[in-house]
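Novice: Here you go, one structure.
The values are calculated or read from the model by the stated rules, or taken from the named source; none is laboratory data. Model, not experiment: these values are computed from the prediction. Heads up, the Cβs are rebuilt from the backbone with ideal geometry, glycines too, and the neighbour counts pull from every protein chain shown. Surface areas here come from the heavy atoms of the whole protein model, side chains and all, with no ligands, DNA or RNA. Shrake-Rupley method; radii C 1.70, N 1.55, O 1.52, S 1.80 Å.
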Amino acid sequence: MNNMNQMMKQVKKMQEQMMKVQEELGTKSIEGSAGGGVVTVTVNGHKKLQNIVIKPEAVDPEDVEMLQDLILTAVNDAMAKAEELANKDMGKFTGGMNIPGLF
């Protein structure tokens, strides 16, 4: 019975640590860019878009599709970096396994 109590304490401690890391991810900012930096987006560690910066030289009324592509590329870049950060930070607890719904 003592081993079970010890194991439950360890599980509870690990859960608390995981929740702390999840909270910290929300405070981290990850930047993605496209077109040599003419479009830059910022997301947090929870993959929530926080900011978009578009330099004037990226805006060409004759080529709106290019601007759309730049925005998509920058957002996808930031999201991939946020995913990588979450996997790295949470990987300490999952041993590198990708557990669906965890982050």
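Novice: Put a dot 7 Å past each Cα toward the Cβ at Lys28 and Gln10; how far apart are the dots in nm?
Specialist: Those two pseudo-labels are separated by 2.6 nm.
Novice: Could you tell me which of Gln68, Met8, Ile52 has its Cα farthest along the dipole of the chain towards the positive end, charges placed at Cβ (Lys, Arg +1; Asp, Glu -1), taken about the Cα centre?
Specialist: Farthest towards the positive end: Met8.
Novice: Now, a different point. Quick check for me: using +1 on Lys/Arg Cβ and -1 on Asp/Glu Cβ, what's the dipole size of the chain about its Cα centre, in debye to the nearest 20?
Specialist: Numbers: 11 positive and 14 negative charges, 228 e Å.
My answer is approximately 1100 debye.
Novice: I've got another one for you. Report in % the part of the accessible area of the chain that belongs to carbon and sulfur, leaving out ligands and nucleic acids; probe 1.4 Å.
Specialist: 55
Novice: Mind telling me which of Lys88, Lys12, Lys48 comes out most flexible in a GNM of the chain, alpha-carbon contacts under 10 Å?
Specialist: Lys12
Novice: Using only the alpha-carbon atoms, what does the chain span along each of its principal axes? Please give whole angstrom values in decreasing order.
Specialist: 73, 21, 18
Novice: What FRET efficiency comes out for Phe93 versus Leu49 if R0 is 25 angstrom and r is the Cβ-Cβ distance? Round to the nearest 0.05.
Specialist: Values: r = 26 Å, r/R0 = 1.06.
Efficiency at R0 = 25 Å is approximately 0.40.
Novice: Can you find, among Val43, Phe93, Ala80, the residue sitting farthest towards the positive end of the charge dipole of the stretch 29-93, where Lys and Arg contribute +1 and Asp and Glu -1 at Cβ?
Specialist: The one lying farthest along the dipole's positive direction is Phe93.
Novice: When the chain is modelled as a GNM with alpha-carbon springs shorter than 10 Å, which of Glu57, Glu83, Glu23 fluctuates the most?
Specialist: Glu57
Novice: Could you please report the charge total around Gln6, scoring K, R as +1 and D, E as -1 over all other residues with beta-carbon less than 15 angstrom from its beta-carbon?
Specialist: Spelling it out: positives minus negatives among the neighbours equals +3.
Novice: Say we join alpha carbon atoms closer than 10 Å with springs in a Gaussian network model of the chain; which of Thr40, Thr73, Thr27 then has the biggest fluctuation?
Specialist: Thr27
Novice: Taking R0 as 35 Å, what's the FRET efficiency between Val59 and Glu83 from their Cβ-Cβ distance, rounded to 0.05?
Specialist: Values: r = 29 Å, r/R0 = 0.83.
Using R0 = 35 Å, I get an efficiency of 0.75.
Novice: Over the chain, average the accessible area per residue using a 1.4 Å probe and give it in Å², no decimals.
Specialist: I get 71 Å² per residue for the chain.
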